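Some notes on the structure that comes next.
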Amino acid sequence: FERTASILNSVSQVAHNYLRDHRLNMWFVLATPSEGELKGAIRRIQSLTSLAVLDFPKLKEYHLGFWLHLDSDGRVGVRRVDREKPTESLELDALDRTIIAATQEGYPLTPEPFEAVAARTGCDAQTVLARLSRMLNSGAVRRIGAVPNHYRLGLRGNGRSVWDVDDEQVDVLGAKIGALDFVSHCYRRPRHLPLWRYNLFAMVHGHNRDEVESAVSRIAEIVAGHCAGHQVLHSEAILKKTGLRFGR
């Protein structure tokens, strides 16, 4: 396990990697600019590890958004925030990619961070701001903000709930589940029969496992009558957590 985790974590396209309490115990996210590069990364991982990779591409996204807020008692909780849909399409050019590469690991901790980014990228701060604004409006950049460690803030419950839902009902149920406050990600993904029968994934967060299990019970009420079974894959360790990285 440790050898495989080390190999995966050295692959630049691996953005997240988790140990989960399941027979399929290592779950990782691949992030690449294109489908061809994604398939190439899978082939490379299989070659390096001599293990098969089960590929679960996102077939449909019902919700993606993990936002935190302070409860009245001072505890951190999860909050749902719906982002505005992109208002324009955008083809990234060389300067856009240079700005992303210069900021993808964090903004400079200086009084004038955009001036520092401009110096790195060979333009001025107003151009940097204008380019970032365009990328946000188009959805090329999802958001710019602080990334807190939710484990250290007290949200230690983290479970990937997976559901075997009737195919003709999965879109309706996925939209309902994605609207729940405690769900940060909700996707339709393919089955891999006979090993994996689940087609609906919903990531659930709470202060502990009991809160996660309680939240999963609420989901079970929503899918009742249209679901042949479910499981919860709790996170036991974060092996890697970065994000999509463009080469410089």
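Any read-out appearing in this document is the output of simple, stated calculations on the displayed coordinates, not a laboratory observation. Computed from a predicted model, the values in this text were never measured in an experiment. FYI the Cβ positions are ideal-geometry reconstructions off the backbone, even for glycines, and counts take in every protein chain you see.
Given the rule -39500 (n - 2.57) for each run of at least 4 DSSP H residues, summed and divided by the residues of the chain, what is its mean residue ellipticity at 222 nm, to the nearest 500 deg cm²/dmol?
Numbers: 7 runs with 81 residues, N = 248.
The helix contribution divided over the chain gives -10000 deg cm²/dmol.
What dipole magnitude, in Debye to the nearest 20, does region 54-135 give about its Cα centre under +1 on Lys/Arg Cβ and -1 on Asp/Glu Cβ? Working shown, then result.
Values: 11 positive and 14 negative charges, 55 e Å.
With Lys and Arg at +1 and Asp and Glu at -1, about 260 debye.
Using 0.36 nm per residue of separation minus the Cα-Cα distance, give me the extension gain between SER6 and ASP210 in nm, one decimal.
70.3 nm
Where nothing but the Cβ of Lys and Arg (+1) and of Asp and Glu (-1) is charged, how large is the charge dipole of the chain around its Cα centre, in debye to the nearest 20?
600 debye
Quick one: the Cα spread of region 130-216 along its three principal axes, in angstroms, biggest first?
For region 130-216, the Cα spread along each principal axis is 49, 32, 24 Å.
Give LYS58/LYS240; LYS176/LYS240; LYS60/LYS240 a once-over and call out the pairs whose C-alpha atoms are over 23 Å from each other.
The pairs that break the limit, which is 23 Å between Cα atoms, are LYS176/LYS240; LYS60/LYS240.
Obtain the radius of gyration and the Kirkwood radius of region 186-248 from its C-alpha atoms and give Rg over Rh.
1.05
Rg and Dmax in Å for the chain, alpha carbons only: what are they?
Just the Cα atoms of the chain yield Rg and Dmax of 19.6, 59 Å.
How are the Cα pair distances of region 102-167 distributed, in percent, across 5 Å bins from 0?
3, 13, 16, 17, 12, 9, 11, 8, 5, 3, 2
Which Cα, out of PRO190, VAL223, ILE177, lies furthest along the positive dipole direction of region 105-224 (beta carbon charges, K/R +1, D/E -1)?
PRO190
Where does region 1-75 land on Rg/Rh, using Cα atoms and the Kirkwood Rh?
1.09
Grab the beta carbon distance between GLN231 and ARG134, set R0 = 30 Å, and tell me the FRET efficiency rounded to 0.05.
My answer for the efficiency is 0.10.
Kirkwood Rh over alpha-carbon pairs of region 30-167, then Stokes-Einstein at 20 °C and 1.002 mPa s: what D in µm² s⁻¹, rounded to an integer?
D, rounded to a whole number, is 114 µm²/s.
Could you calculate the FRET efficiency of GLU105 with LEU195 from 1/(1 + (r/R0)^6), where r is the beta carbon distance between them and R0 is 25 Å, rounded to 0.05?
0.10
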